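The values are calculated or read from the model by the stated rules, or taken from the named source; none is laboratory data. Since the structure is predicted, the reported quantities are computational estimates derived from the model, not experimental observations. Please note: Cβ atoms are built from the backbone with ideal geometry, for glycine as well, and neighbour counts cover all protein chains shown. Ligands, DNA and RNA are excluded from the accessible area calculation, which covers all protein heavy atoms including side chains. Shrake-Rupley method; radii C 1.70, N 1.55, O 1.52, S 1.80 Å.
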Amino acid sequence: VQLQASGGGLVQAGGSLRLSCAASGSIFSIDRMGWYRQAPGKQRELVATVTSGGSTNYADSVKGRFTISRDNAKNTVYLQMNSLKPEDTAVYYCNYGVPYTQYWGQGTQVTVSS
């Protein structure tokens, strides 16, 4: 199973980006899908998650600006990012949780200029 993240790029502060993460290979019973990010010199942190039942969880720093969603038929998770700030600059990683294990994508760079 491989996760392929896309949609990152360079955007000015106040702009928007939409990240996507698709799974290839056989993957079943995905419980939790999520996005994490890691800025230079910092630890990886949770951005948002969505469960198979549709429950969402967001980091306080992105609440009201980011929206996570998933398409179960496509095994794809999205992250709509609005009102981006320079402090959102990081490598964004998708993560899928299945029974007994989890998968990580390769990361996509998001750079927000002031």
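At-a-glance table
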| quantity | calculated |
| --- | --- |
| Qualifying residues in region 92-114 (those that are β-branched (V, I, T) and in contact (Cβ under 8 Å) with a residue 60 or more places away in the chain) - the one farthest from D60 (Cα to Cα) | V98 |
| Residue count for region 51-68, restricted to those that are over 18 Å from V11 (Cα atoms), outside any strand (DSSP E or B) and either in contact with a Ser or Thr (Cβ under 7 Å, 6 or more places away or on another chain) or aliphatic (A, V, I, L, M) (or both) | 1 |
| Test: residue in region 18-29 that is open to solvent by less than 20 Å² (accessible area, probe 1.4 Å) and outside any loop (DSSP other than H, G, I, E, B) | yes |
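Condition check ((1) open to solvent by less than 40 Å² (accessible area, probe 1.4 Å); (2) in contact with a helix residue (DSSP H, G or I) (Cβ under 8 Å, 6 or more places away or on another chain); (3) part of a loop (DSSP other than H, G, I, E, B); (4) of a type in the set (D, E, K, R)) across all residues:
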{"residue": "G14", "(1), (2), (3), (4)": "no, no, yes, no"}
{"residue": "M33", "(1), (2), (3), (4)": "yes, no, no, no"}
{"residue": "T49", "(1), (2), (3), (4)": "yes, no, no, no"}
{"residue": "R70", "(1), (2), (3), (4)": "no, no, no, yes"}
{"residue": "Y92", "(1), (2), (3), (4)": "yes, no, no, no"}
